[in-house]
Structures are given as structure tokens and as C-alpha cells.
Amino acid sequence: MVSRSYSNLLDLISDDSPTFGRGGRKLSRVATVAGVLSELDDESRSNASDAPSSVTQERMIIVGNQLPLRAHRRQDGEEGWNFSWDEDSLLLQLKDGLGEDVEVIYVGSLKEEIDPSQQDDVAQTLLETFKCVPAFIPPELFSKFYHGFCKQHLWPLFHYMLPLSPDLGGRFDRSLWQAYVSVNKIFADKVMEVINPDDDFVWVHDYHLMVLPTFLRKRFNRVKLGFFLHSPFPSSEIYRTLPVRDEILRALLNSDLIGFHTFDYARHFLSCCSRMLGISYQSKRGYIGLEYYGRTVSIKILPVGIHMVQLQSVLDLPETETRVAELRDKFRGQTVLLGVDDMDIFKGISLKLLAFELLLSQHPDQRGKLVLVQIANPARGRGKDVQEVQAETYATVKRINQKFGRTGYEPVILVDKPLQFYERIAYYAIAECCLVTAVRDGMNLIPYEYVICRQGTEKLDATLGLNPTAPKESMLVVSEFIGCSPSLSGAIRVNPWNIDAVSEAMDSALIVSEAEKQMRHEKHYRYVCTHDVAYWAQSFLQDLERACRDHVRRRCWGIGFGLGFRVVALDPSFRKLSVEHIVSAYKRTKHRAILLDYDGTMTVRNSISKGPNAEVISILNSLCRDPKNIVFIVSGKDTKTLTQWFSSCETLGLAAEHGYFVRPNHDAKWETCVAVVDFYWKQIAEPVMSLYTETTDGSFIDSKESALVWNYQYADPDFGSCQAKELLDHLESVLANEPVTVKSGQNIVEVKPQGVSKGLVAARLLETMQKKGTVPDFVLCIGDDRSDEDMFEVIMGAVASASLSPVAEVFACTVGQKPSKARYYLEDTTEILRMLQGLASASENSAKHVSISPQRVIIDRE
């Protein structure tokens, strides 16, 4: 059976055309509406099941803003277009790393505007000839999407430029955001035409399509989806200024794998998830992952490489050899420094020129000998800032040439016209040093290309008069703020804002010994050769396959609306607790044990009002009045607090400080479950905690009778978490020989006597009921954090023992959908109280018909 999404395309491909799936009719372009699509569009699809498929060949659908194609109008006098591959496109180059057995489909837009009357024919041609699926975006919508939201909001912000005034990026415009969402939706529709959701992998590229994962995940809950960001990701202090920050973060988290060029970019993303969404990451066996509603979103850190085969083929062209010879003659007797940058505000061209001007001022002996060739590629964006950069660059070049130039010598040569790739390679080959001084750049492959070109070929060596067998030389001066900097360990790294430092780096690069130049070049050459674009793509696909390995065995369903949509993925045995089911079991049973956590279960954690409200007290009293019930609140709070809060619940059992103290009812005294001789270890632990409290603003120590708790819920989340790890290690070291346990929990680090846990309370309650001849046939245990897992473990383990009735109904329930030893979950406190109210109502209805004397159970003291 062919999937529904796949059949769209199958019905549209002509019978005699070369296809990548099955035969069908002619492809019709997707309807695109010139306007704004609502973020809440297509809600009806969110619950659609993933359709089965019989297609088994592994395929990769690569989605980018632009297709890797060049388009030219036909020159034979007829209407129409000629298309060819864009060999410079990264999306095309990465195909080499996916393997010959992986079929690649491209989805993206075209640079050229295609007349609506020609779009059907163009789409059919691209599909049949190139396996490309074009997304035709109406011009007005595309302008708002690309030149508006992408280039006016996202691109400046991701490069650390805040819109502090209308001139700096402009104020946030919601209509541009809606256009961004609309275009992402159009791209998603295109992917849905060709995807086989059971087998295909989807790889989305760059910041233009950051909400696309939500649309795809909404339609296909188990889609195998990777995303790679080719730009920087800013620190949380910068990113949090974006009004749609949460929507974008949640959309990215609908991917299975998110890739970044550097650890800094990944670290910033993880910090944003922690600070804005409360989602922390974990590192396990070398892999970083975020737990997001039962799904593990993996993080990939690997810088992209260059296409070695393409670069080598251009090096071998006769045109390259000829151009190298021309440049050799032109700059004979001079040392060439080379800069290759786009003409935009973040490439630091003017800073580089100022540093070069300073170098010539401080070293008069270099005048006439040293030349800076600055290749300025056309800017990809447009606007006032681009014009200002151009004006400043031209003015600075003119000033330097007037100041230091003379007949036959021009210190700065500005090449501001488009160059063929072979021409740029020729400049690489003759340059003694390459300067990349961008103030912020996602990756920048210019240094990689330079290193390979300096390795040269036999023909170029002969042209330049070099010994082919001699070690090659190259020098790099690179900015600290570009993605390739960490991988170029032999480069001279600079702060581009420090003009003096950049000038000194230029001078240092010129006076380095030949042996050191050779050593640095060899180190870079080995890295660039082994970490090319094919290696990058292959590594990403391998990690994507690993990240999607568990898709089949998990139960998935979607929740949320609009861009807040996300998929819940859980093990088949973990399911939501049905109120009807538990009430039915409750009514059938006679001896019930009910264990309830308090914070985060009966009341919202970190709420202003800590004590139980009237509704909670009423429910507990109703449950306690039923003689078939034994109800316990098992909390980490101290005895004084629990006594005060639940003074009106006379038959309610209480366990304080995670089970160290127990009181079976209001009239009984507090007893200890574990015999502890003394607490001398507190004299060791408390000074250590005090040290971390003084250095961590917002933290405090909660001193209990049986335990010490360091709480950092009001501290900075990143710093608090870091300090907690250090404190945990410190306490484990100083208390290694003491009879205590050091544990970390939700925003806490706790030291308590060995053997004390909530599980102890559960075990003692079941044991006591068994001794009294009332073997439980109904057990309900609810909790929300790690400390409650001990209770779950005890009651689930009791199922196979004599502690419970052979037909006992056992309900271990956690709060929220997360990995747990519990078999059930409820979403939040509201659902828990609603369920408990259902049980209380059942007891009240039963009491109207039957009157039985109250029953109490006393937990035996050890």
C-alpha cells in the first residue's frame, strides 16, 4: 500500500517519465496563496496517523531555501528555461557523503521568478531531470519572508546585532513573521508531496526554515527529521529579545537531530532551551540530548567542510594556470595578503583595512612590497547598512592608496566585481597569507579553500617556480568569532575589533620562519582533507539514523496548537491514567493503600502559596473517611510544617523528610523509620553548603532534623546547575566515610542518612497492612520527581510478592510525560485532583449505602 502523502506525487508524474517512486500522471505545482497563512492552519491534520508504505529504498529529502540549480532563459527564441546544477551549492556537494545507495530529492525555491503559466512545466522538468521539487513563492510573500524576516530580523540577531533603533535591523514586524511561517508552510506542503514517512529521512537547512519541523512533525509524528543551522546561534541574552523566541525553539525541538558548526553555538542553544523552556540537556556516552516530551532530541556539533573533488578539478583547469601566471607577473617582487569576504556589516572588511593601514604606518619598509588584495563579493542582503559598508570600504581604500601609494604600487586592490571560481583560486595560490577578520560568521570556508589551493598541483608549482616535492607553506590570520576558528589550530587567531592586534598578527604572519609555515600548513591540510563536506554529510546521516532508531517501537501522538505543537513519544507500557478505569477498580476493592507526594503533585511546585488549599483538604478528608482506605502524604517537608498544614485531617497518615519520620494519624506521635545514632555529619556538610550558598546568589540551605538540603531554585539556572554539580562532588568527597547518602534532585542537593527514602514508607505500609490481615487489593501511588521513583519501585516490585492480593489493582502514576518507573501518568496537578475527586465521590456514594466503623492501621516501628 502506498502512503497518502506519497500518492499525491504518484498521481502527478507522467507514465513515461523517469520517476523516483511509482508511475503516475503529470505533476501539478502546489497551490500557493499570495497572502498570510495562519499559524493555526491545518489543525485537523495534527492527529493524522502515519500512513504505511511499501517503498523500502533509503531516501534523503534535502530541504533548503534555494534549490542547487542555475536557471537561464532559453536563447533559441522560444519561451522557457534551461536548468543546470549549481556546482557551488553545499546542498549538491553534500550528496557525495550520503552514499550511492541513498536517493536524494531536493525541495526548495528558485532564484529566478517563474511566470505562473510556466510553473507546471518547470516543476515537471525539474522533477524528471533533477529530482528537484520547486516551491513557487509569490514575489510579495517571498520579499517579506527573505528580505523582511530572514534578513531584517533573524540574520542580524543571530549575528549579535540588536534592533536598538529603527536603523539597526528595524523593529519587530509581526506581518513579516507571519510571512515567514507561511513560506515554511508552503515548503512543508512540498515535502509532503514526495515524502514516504516510514522510510525517508528529511534534512532541513538553515535559519530560513526553522519552523518547518513543526509542520512536518504535525503531519507525520514519526518523521525522521534532521536540521542543521549554518549561521551562529546567539547567546541567550541576545536571543531572548526575539518576540517569537519560544515558537522557534519549540519548532526546532520537533527535529530528531539539530546540528551546529561549533560547541559555542550548541551551548547557546542549550542555554536558551534551559532558560526559556526549562528543558535541560544530558550528555551520555559522547552524545548530547534533550528530553522533550518523551523524545530525545540529539545535538550534533561538526563544522562543514569543502568539496575536495570540485576544488581539485578547478585547480587543474587551464584557465586557472593562465590566471596564476598573470597574477604572478603582476605581483612579482611583492608579498600578497588576501581577503575574501561578502560586502556586509559582519565581515569586518573596514577593520581589516584599518589594521593594514596601521601596519604600513608602523613599518615603512613594507611600503612598496606589501599588497592587500580584498575580494568583495556582492552582499546577499540589501538595505542601508550594505550601502554604508560599501561607502566606508571605498573611502578607506582610497585613503590608504593616496597615503601610501606611488607610481607602480597600489597598496590595496579592491576587487568588487563577481569573479569566476578559478579566478579566486588563482588569488589563493599566489597569496602568502589569508586574512579572515569577520566580526561574526557562522562558518566561513575561505581558509579551507586557501589551504588546499596553497598545496597546489604540479602544473601550478611549475607556473610559480616551486619544487613539487618540497613542503608547502601557508599562513592564516582568522577571527575568533567565526565557526572555522576552533578547527584551525595553526592559525593566528585575533579579535577583529582590536586593530593593533590584527596589525601585529599580519606582521607576525610575514616574519614566521619557513619551517613553521610548513608545519602550520601541513596541520591544516590534513584536517581539511579528512573533514570535507562528504565526511560532514556522512557523519550527520549516521547520527540521524541513530537518533531515529526508536521511532517504530514508541507510541506517538500530537498535542498543542499552532507552533506550540509537539509530539509525545512514550513506551507502549507507559500510558495516561484513565479516571474511569481507576474509579472502576476503586469501587471493586476493599483494602486500599494510597500514597501521595505533596509538592508538585497535590500543589504546583514553586507556587507562592505552599500550603494545601480547601479543595485539597476536602478531597483528603473524603478519602480518609472511607474505612477501606489508608491514605498517606509522603513529603520532603519537616514534621512541623506537615502537622500545621494537615491538622484538620485526623485520620491522614503523614511521612516527613522523605520517610525519616512517620505519623499514621493525627492522634499518634511522630516516629522514626530508621535508627540514627547521631547527626555529627551535619557539622561537616553544612560549612561546605554555606560556602556554595555565599557564592551562588539565590540559593539557600534548608536544614531539616534528618537532612540538609541545598536549594538553588531561585538562582541563575545555568550557574546553579554548575554549582550543584560541584557541590555534589565536594560533598561526596568529604562525606565518603559517613553513613549518609548525597543525592541531587530538582533544583536541590540533599544529604540524608543511608536507608531513608520514600520507598521505605511504601514498604512499611504494605508490610503493616499484611500483618493486620488486610492485604491491599488496591494501591495508588502518585509523585512527580526522583524521590518518588523509590515508591514506584517498591509497589511495582510488590506485585510479584505476597505483600499484595493476587488480584490487586496497582496504579503507579507520575506527573507529566517523562521517563519513569511508573506505569501511568497524569499531565498536571489539576488532572490529579480531578482524579482524586472522582475517587472521593465514589467513597461518598458508597457511604450512603453502607455504614462501617473507621479502620486505622499503625505502621510498626522498626
Contour minus Cα-Cα distance for E388 and D667 (0.36 nm per residue) | 92.3 nm
Loop-located GluC sites (Glu not before Pro) in region 146-255, at most 15 other Cβ atoms within 10 Å (DSSP) | none
For region 738-847, list log₁₀ I(q)/I(0) at each q in 0.15, 0.17, 0.18 Å⁻¹, using the Debye formula over Cα point scatterers of equal strength and ignoring solvent, two decimals each.
-> -0.77, -0.94, -1.02
Sorted by average packing, counted as other Cβ atoms within 10 angstrom per residue and highest first, what order do 79-89, 658-668 take?
-> 658-668, 79-89
From a point 7 Å beyond the Cα of K590 in the direction of its Cβ, which residues of region 614-631 have a backbone N at a distance under 20 Å?
-> 624-631
DSSP beta bridges in region 308-531, what fraction antiparallel, as a percent rounded to 5?
-> 5
Could you state the angle between the C-alpha long axis of helix 614-625 and the longest principal axis of the C-alpha atoms of the chain, as a value from 0 to 90 degrees rounded to the nearest 10?
-> 50
Whole-angstrom Cα spans of region 308-531 along principal axes, big to small | 46, 39, 32
Any chance you could check the Cα centroid distance between region 318-360 and region 699-773 for me, in angstrom?
-> 63
Could the peptides 831-837, 461-467 be put in order, highest first, of the mean number of other beta-carbon atoms found within 10 Å of their residues?
-> 831-837, 461-467
From largest to smallest, what semi-axes in whole angstrom does the chain give when each is the square root of 5 times an eigenvalue of its alpha carbon gyration tensor?
-> 63, 35, 22
Principal axis lengths of region 633-680 from Cα atoms, whole Å, largest first?
-> 36, 17, 14
Quick one: angle between helix 717-734 and the longest Cα principal axis of the chain, in degrees between 0 and 90, rounded to 10, please.
-> 60
If R0 is 30 Å, what FRET efficiency do you get for E103 and A462 from their C-beta distance, rounded to 0.05?
-> 0.10
Residues other than K590 with Cβ under 14 Å of its Cβ, Lys/Arg counted +1 and Asp/Glu -1, net out at +2
Angle, helix 786-798 long axis vs. longest principal axis of the chain, Cα atoms, 0 to 90°, nearest 10?
-> 60
Filter on K640/K771; K300/K472; K610/K682; K669/K752; K771/K848; K587/K610 - keep pairs with C-alpha separation over 25 Å = K640/K771; K300/K472; K610/K682; K771/K848; K587/K610
Given a cut-off of under 8 Å on Cα pairs at least six residues apart, what relative contact order in percent is computed for region 776-822?
-> 53
Rg [Å, one decimal], Dmax [Å, integer] - region 68-174, C-alpha atoms | 17.8, 52
Which whole number in µm²/s is D for region 627-738 by Stokes-Einstein, with the Kirkwood Rh taken over Cα pairs at 4 °C and 1.567 mPa s?
-> 81
Carbon and sulfur: what percent of the chain's accessible surface (1.4 Å probe)?
-> 48
Given a cut-off of under 8 Å on Cα pairs at least six residues apart, what relative contact order in percent is computed for the chain?
-> 10
Ellipticity estimate at 222 nm from DSSP helix runs (n ≥ 4, -39,500 (n - 2.57)) divided over the chain, nearest 500 = -11500 deg cm²/dmol
Kirkwood-type radius of region 680-753, with distances r between different C-alpha atoms, in Å = 11.9
Relative to the compact-globule scaling 2.2 N^0.38 Å, provide the ratio for the alpha-carbon radius of gyration of region 275-430.
-> 1.47
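Based on the mean of other beta carbon atoms within 10 Å per residue, what is the order of 415-425, 797-807, most packed first?
Working: 415-425: 15.9, 797-807: 14.1.
Highest to lowest by the protection proxy: 415-425, 797-807.
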S117: accessible area at probe 1.4 Å, nearest 10 Å²?
-> 90
Return the inverse of the average 1/r over all pairs of distinct C-alpha atoms in region 731-781, which is the Kirkwood hydrodynamic radius, in Å to one decimal.
-> 13.5
In angstroms, what radius of gyration and Dmax does region 137-276 have, counting Cα atoms only?
-> 15.0, 48
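The values are calculated or read from the model by the stated rules, or taken from the named source; none is laboratory data. Values in this document were obtained by computation on a predicted structure and should not be read as measured data. Methodologically, a virtual Cβ is constructed for each residue, glycine included, from the backbone with ideal geometry; neighbour enumeration extends over all protein chains shown. We work out accessible area using only protein heavy atoms, side chains counted, and drop any ligands, DNA or RNA first. Shrake-Rupley method; radii C 1.70, N 1.55, O 1.52, S 1.80 Å.
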